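Any read-out appearing in this document is the output of simple, stated calculations on the displayed coordinates, not a laboratory observation. The shown structure was predicted, so the numbers you read here are calculated from the model rather than taken from an experiment. Glycine gets a Cβ as well: all are built from the backbone with ideal geometry, and neighbour counts include every protein chain shown.
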Ligand code: NDP
Ligand code: 8X3
């Protein structure tokens with residue numbers, strides 16, 4: 001029987017690449033995000049390639065909308081085998097004492113509370129079936145703060161703690177829990193972080209070959225494909241010329 005994956009934040013970057021990877025790998029795919037038109041065009045494309053795809057349009061910050069979306073799934077679509085908690089963002093790179101509290105709230109509500117909402121909605125079904133895998137997209141930013149990263153780094157440190165906590169809580173079951181921690185991945189991430197300043201965003205990836213969403217999707221899929229007795233707990237994936245969240249060696 002085909003397995004089912006649900007990917008949050010599947011309209012762009014790492015999430016979109018995960019949707020493509022799992023569809024190509026024979027999964028039924030539930031793609032979720034806020035942008036309905038983008039989800040539809042990805043669905044059309046993946047279906048043309050032979051995949052079965054469902055779209056769910058909601059904001060992970062809206063717990064009631066998330067609940068209604070998950071509740072709307074019918075039949076075998078309800079039995080989610082893999083949850084990829086990917087939806088997330090950074091906003092700003094200001095010093096902590098100069099940051100915008102609205103940006104902080106958005107990051108906390110999306111990266112922490114949104115991830116918890118999805119976990120709370122989907123893991124009980126996995127527990128009932130004694131089968132499932134939660135893959136959270138953390139970050140190298142969660143390992144140590146970098147200049148201006150403050151609140152974003154804190155949200156990804158929270159993702160680490162939440163992932164580790166869940167892994168403990170489900171250890172008596174057959175569920176597996178994974179934290180994938182990417183470094184520098186060229187997606188829409190920096191455009192969002194710098195509120196649409198595309199030049200500033202492009203500079204983030206200047207002089208270094210960054211990772212791609214597909215590179216991260218390969219690692220996510222590898223974790224999901226490991227034998228059932230193998231739980232890939234955590235993976236840090238950096239660009240080759242990146243030492244950690246702060247050290248990036250660029251060509252002049
Ligand atoms: P993108 O901006 O390319 O994609 C972000 C995705 O998240 C989009 O599909 C967006 O969809 C969705 N999203 C954002 N906010 C919400 C929301 N409130 N509700 C539902 N969906 C939402 O960025 P990335 O692919 O780079 O980021 C994906 C994840 O990877 C994030 O958690 C990020 O923190 C993490 N990460 C990224 C790294 C990088 O260097 N790029 C490195 C390490 C981790 P829509 O706008 O349609 O809702
Ligand atoms: C995204 C990677 O280093 O820009 O989590 O914070 S970084």
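Just to be sure I understand the model, the point goes 7 Å from the Cα along the line to the Cβ. What's the resulting residue 98 to residue 130 distance in nm?
5.7 nm
Each label point is 7 Å from the Cα along the Cα-to-Cβ direction; what then is the distance between the points at residue 203 and residue 64, in nm?
4.3 nm
If you average the alpha carbon positions of the stretch 115-147 and of the stretch 1-30, how far apart do those two centres end up, in angstrom?
16 Å
Helix 213-225: angle to the longest alpha-carbon principal axis of the chain, degrees 0 to 90, nearest 10?
Its long axis makes an angle of about 40 degrees.
Quickly estimate the mean residue ellipticity at 222 nm for the chain, helices only: each DSSP H run with n ≥ 4 gives -39500 (n - 2.57), and the total goes over all residues, rounded to 500.
-12000 deg cm²/dmol
Neighbouring Cβ atoms within 10 Å as the yardstick, rank 21, 228 fewest first.
228, 21
Can you sort 55, 198, 8 by how many other beta carbons sit within 10 Å, fewest first?
198, 55, 8
Taking the chain as the reference, fit the longest principal axis to its C-alpha atoms, fit the long axis of helix 150-169 to the helix C-alpha atoms, and give the angle between the two in degrees, 0 to 90, nearest 10.
Here the helix axis deviates by roughly 30 degrees.
Which of rounded, prolate, oblate describes the stretch 153-214, given a ≥ b ≥ c as roots of the alpha-carbon gyration tensor eigenvalues and a/c under 1.5 marking rounded, otherwise prolate only if a/b is larger than b/c?
prolate
Return one number: the angle in degrees, 0 to 90 and rounded to the nearest 10, between the long axis of the Cα atoms of helix 13-24 and the longest principal axis of the Cα atoms of the chain.
Result, in degrees: 30.
Pull up the DSSP beta bridges for the chain and report the antiparallel fraction as a percent, rounded to 5.
Among the beta bridges of the chain, antiparallel pairing accounts for roughly 5 percent.
Per 0.36 nm of contour for each residue apart, how much would the distance between residue 173 and residue 218 grow if the chain were fully extended, relative to their Cα-Cα spacing?
The span from residue 173 to residue 218 would gain 13.6 nm if fully extended.
Counting only Cα, what are the radius of gyration and maximum Cα-Cα distance Dmax of the chain, in Å?
Using the Cα atoms of the chain, the pair Rg, Dmax is 17.4, 56 Å.
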